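Peer 1: Okay, handing you the structure first.
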Amino acid sequence: MFSPETYAKRRNKLQSDIGSGIILLPGNDDSGMNYQDNVYPFRQDSSFLYFAGIDRQGLTFVIDVDNNREILFGDELTIEEIMWTGPVDSLAAQAARAGITEIQPLSRLSDFLTGCISSKQTVHFLLPYRADNTIKLSAWLGIPASMIPQRVSQKLIHAIIRQRAIKTAEEVEQIEIAVNTTIDMQLKAMELAAEGVTETEIAGRLQAVAIAAGGNISFPVILTANGQFLHNHPHRTLLQNGQLVLCDCGAENEMRYAGDLTRTHPVNKKFTTAQREIYDIVYHAYKAAADAVKPGIRYKDVHLLACEQLAEGLIALGLMKGNAKEAVAAGAHTLFFPCGLGHMLGLDIHDMENLGEEYVGYTNTLQKSTAFGLKSLRLGRELEEGFVLTIEPGIYFNPLLTESWQAVGKCASFINYEKLAPYATFGGVRLEDNFLITADGSRLLGRPFARTATEIENLIAL
Ligand code: GLY
Ligand code: MN
Ligand code: MN
């Protein structure tokens, strides 16, 4: 945990931003996988963690802004509970470490909130993403579950995004720990990838690296010879020489901050000419974006810059044709790069996505596009010092998409469809790193790690 002062400072800022009423932050509970006592790994809610700091089940945190009062609702574990687990820190001790002094039994929460509502206090809450918290909010506040989304507090959403978007030095330190463990995961993937090994065998070993470092994975590992399918999950099929392995993985450290890196490398340790050509185009797009990010620039413009770099490279290679800027304006590049350039990173791998991408990544003056490609760009807004984000361009030869575009001649003036046949089994290349936006540019997070094709070949040849 950070110091009690850190959490108190965050809460004071939140109180003054909200101004009046009650701030209600339910923590998460355990969730049964196949019966109640056999549970998924516990993950605390990130906003709860940010303001109340306690990584434990069964808690709800309330800030009564009108009366300048903070109350943690939760119960100490009973002897009948700790006889199974062994001793755990008392709730009072954990709360003290977050600078919280008032604890009340969970059973009092419902009456407390009923009292707030009858004295006409506004209760500010976020949109729940777990069914059990929706049911709880519905019961506590007397709102039908179906109406909860309409009653969330826009004021609370915006106040939390304002704070969490700007990472402090101590948060960046935690993210960097997670990034360095993620590099260890990537190194393990490079070490294990070989003909005859399955994707699942490697993916499982990557998860072990994250767990051994004291945390867990920040999202399910993507380790695939079919990188053209962006959400392809590891399979039990055997890797073959000549294939590319796309590994997109992240560790979450002990404090629950996330890393998120992608590397693409050849199974037989040497890129073919065609693989290297595509890799180099992706690298140049990555480099252009990495050089461009700084406070004041819109991330949507960085995304478009990277798209133009990808289009230019594909035109030079003969897979696209015409003018790169015009091709990007027409959306032709989305055949090869149908997704966004990156997203915020922090306590969540897609930071604060539960608060609404339209608020986290966009503003009143810049709204998310509905166009294919841009609709998957999670971050579009002007960058600010203290943002932590990913840059992750790629080129994907998705035969399903190519077939459907070619059938209707989509963007045919920019795409040399007849030249794509040899790429039908190519797969995909992605390169992803994590950056802190600084006063005059950016800082790449994590220790030095291979990213060009030559650096990757040299590393895996060892
Ligand atoms: N795999 C999640 C991401 O890179 O955004
Ligand atoms: Mn990723
Ligand atoms: Mn990412």
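Peer 1: Quick one: give the max-minus-min coordinate of the C-alpha atoms of region 157-220 along each principal axis, largest first, in Å.
Peer 2: Each principal axis gives a Cα extent; for region 157-220 these are 51, 22, 17 Å.
Peer 1: What list of ³J(HN,Hα) couplings, whole Hz, do you get for region 218-225 from phi and the Karplus terms 6.51, -1.76, 1.60, once you set θ to phi - 60° and write x for glycine and proline?
Peer 2: So the Karplus estimates, Gly and Pro as x, are 8, 6, x, 4, 9, 9, 8, 8 Hz.
Peer 1: Explain nothing, just the number: relative contact order of region 7-75, from Cα pairs under 8 Å at least 6 residues apart, as a whole percent. Intermediate values should be presented prior to the final figure.
Peer 2: Values: 104 pairs, mean separation 24.6, N = 69.
Once divided by the residue count of region 7-75, the mean separation gives 36 percent.
Peer 1: With 21 Å as the limit, write out which pairs from K375/K410; K9/K155; K13/K120; K9/K136; K300/K368 have Cα-Cα distances beyond it, or answer none.
Peer 2: Working: K375/K410 18 Å; K9/K155 19 Å; K13/K120 23 Å; K9/K136 28 Å; K300/K368 10 Å.
Those over the limit are K13/K120; K9/K136.
Peer 1: Using Cα pairs closer than 8 Å and at least 6 residues apart in sequence, work out the relative contact order for the chain, in percent.
Peer 2: Numbers: 886 pairs, mean separation 64.2, N = 462.
Worked out over the chain, it gives 14 percent.
Peer 1: Kindly provide the GluC sites (Glu not before Pro) of region 322-423 that DSSP labels as loop, not H, G, I, E or B, and whose Cβ sees at most 13 other Cβ atoms within 10 Å.
Peer 2: Numbers: sites: E326, E353, E357, E358, E382, E384, E385, E403, E418; in loops: E384, E385.
For GluC sites (Glu not before Pro) across region 322-423 that sit outside H, G, I, E and B with at most 13 neighbouring Cβ atoms in 10 Å, the list reads E384.
Peer 1: In degrees between 0 and 90, to the nearest 10, how far off the longest principal axis of the chain does helix 299-317 point, with axes built from Cα atoms?
Peer 2: The helix 299-317 is inclined about 20 degrees to the chain.
Peer 1: Still on this structure: Cα to Cα, under 18 Å, and not fewer than 8 places away if on the same chain: which aspartates and glutamates meet these conditions relative to K294?
Peer 2: Cα-Cα hits under 18 Å: E382, E384, E385, E392, E432, D433, D440.
Peer 1: Rounded to the nearest 10 degrees, what's the angle between the helix 399-408 long axis and the longest principal axis of the chain, both from Cα atoms, 0 to 90?
Peer 2: 70 degrees
Peer 1: Further, regarding this structure: What GluC sites (Glu not before Pro) does region 134-240 have in DSSP loop regions with at most 12 other beta carbons within 10 Å?
Peer 2: On the way: sites: E170, E171, E173, E176, E191, E195, E199, E201; in loops: E195.
Hits after loop and neighbour filter: E195.
Peer 1: Tell me the chymotrypsin sites (Phe, Trp or Tyr not before Pro) within region 106-140 that lie in a loop according to DSSP and have at most 10 other beta-carbon atoms within 10 Å.
Peer 2: On the way: sites: F112, F125, Y129, W140; in loops: F125, Y129.
In loop regions of region 106-140 (DSSP not H, G, I, E or B), there are no sparsely surrounded chymotrypsin sites (Phe, Trp or Tyr not before Pro).
Peer 1: Per Stokes-Einstein, at 20 °C and 1.002 mPa s, what whole-number D in µm² s⁻¹ belongs to the chain, with the Kirkwood radius over Cα pairs as the hydrodynamic radius?
Peer 2: Working: Rh = 23.8 Å.
Rounded to a whole number, D works out at 90 µm²/s.
Peer 1: Indicate the gyration tensor shape class of region 30-147 (rounded, prolate or oblate), computed on the Cα atoms with a ≥ b ≥ c the square roots of the eigenvalues: a/c under 1.5 is rounded; otherwise a/b larger than b/c is prolate and the rest oblate.
Peer 2: Values: a/c = 1.88, a/b = 1.26, b/c = 1.49.
Verdict is oblate for region 30-147.
Peer 1: Can you give the net charge of the other residues whose Cβ lies under 14 Å from the Cβ of F426, counting K and R as +1 and D and E as -1? The partial results should precede the final answer.
Peer 2: On the way: positive: R276, K419, R430; negative: E277.
Net of charged neighbours comes to +2.
Peer 1: Whole-Hz ³J(HN,Hα) for each residue in region 92-103, computed from phi via Karplus 6.51 cos²θ - 1.76 cosθ + 1.60 with θ = phi - 60°, x for glycine and proline: what do you get?
Peer 2: After applying 6.51 cos²θ - 1.76 cosθ + 1.60, I find 4, 5, 5, 5, 4, 5, 9, x, 9, 10, 9, 10 Hz.
Peer 1: Before anything else, pin down the relative contact order of region 97-204: Cα pairs under 8 Å, at least 6 apart, normalised by residue count, whole percent. Walk me through the intermediate numbers first.
Peer 2: Details: 39 pairs, mean separation 19.2, N = 108.
Worked out over region 97-204, it gives 18 percent.
Peer 1: Something else: Per the Kirkwood formula on distinct C-alpha pairs, the Rh of region 356-447 is how many angstrom?
Peer 2: Details: mean 1/r = 0.0617 Å⁻¹.
For region 356-447, the Kirkwood estimate is 16.2 Å.
Peer 1: Another question, then. Could you tell me whether region 15-86 comes out rounded, prolate or oblate from its Cα gyration tensor? Rule is a ≥ b ≥ c as square roots of the eigenvalues, rounded for a/c under 1.5, then prolate if a/b exceeds b/c, otherwise oblate.
Peer 2: Details: a/c = 3.22, a/b = 2.03, b/c = 1.59.
It is prolate, given that a/c is not under 1.5 and a/b is the larger ratio.
Peer 1: Ok, one more. Return one number: the angle in degrees, 0 to 90 and rounded to the nearest 10, between the long axis of the Cα atoms of helix 199-212 and the longest principal axis of the Cα atoms of the chain.
Peer 2: Taking the Cα atoms of the chain, the angle to 199-212 is about 40 degrees.
Peer 1: Ok, one more. Which listed residue (S404, P87, Q163) has the Cα farthest towards the positive end of the charge dipole for the chain, taking +1 on Lys and Arg C-beta and -1 on Asp and Glu C-beta about the Cα centre?
Peer 2: S404
Peer 1: OK, next. Return the calculated 222 nm mean residue ellipticity for the chain, to the nearest 500 deg cm²/dmol, obtained by summing -39500 (n - 2.57) across DSSP H runs with n ≥ 4 and dividing by the residue count.
Peer 2: On the way: 16 runs with 179 residues, N = 462.
Dividing the helical sum by the residues of the chain leaves -12000 deg cm²/dmol.
Peer 1: Non-local amide H neighbours of H124 (under 5 Å, H modeled in plane, Pro and chain starts lacking H): which ones?
Peer 2: Here I22, I23, L24 satisfy the definition.
Peer 1: Now for a different question. Calculate one ³J(HN,Hα) per residue across region 163-175 by plugging θ = phi - 60° into the Karplus curve 6.51 cos²θ - 1.76 cosθ + 1.60, and present them in order as whole Hz with x for glycine and proline.
Peer 2: Here the 3J(HN,Hα) series is 6, 6, 5, 9, 7, 7, 4, 6, 6, 4, 4, 5, 4 Hz.
Peer 1: Given a cut-off of 21 Å, what percent of all Cα-Cα pairs of region 314-410 lie beyond it? Walk me through the numbers before you get to the answer.
Peer 2: On the way: 1943 of 4656 pairs.
Distances greater than 21 Å cover 42 percent of the Cα pairs.
Coordinate-derived values only; no laboratory data. Since the model is a prediction, treat every value here as computed from it, not as a measurement. Counting neighbours? That spans all protein chains shown, and the Cβs are built from the backbone with ideal geometry, glycine included.
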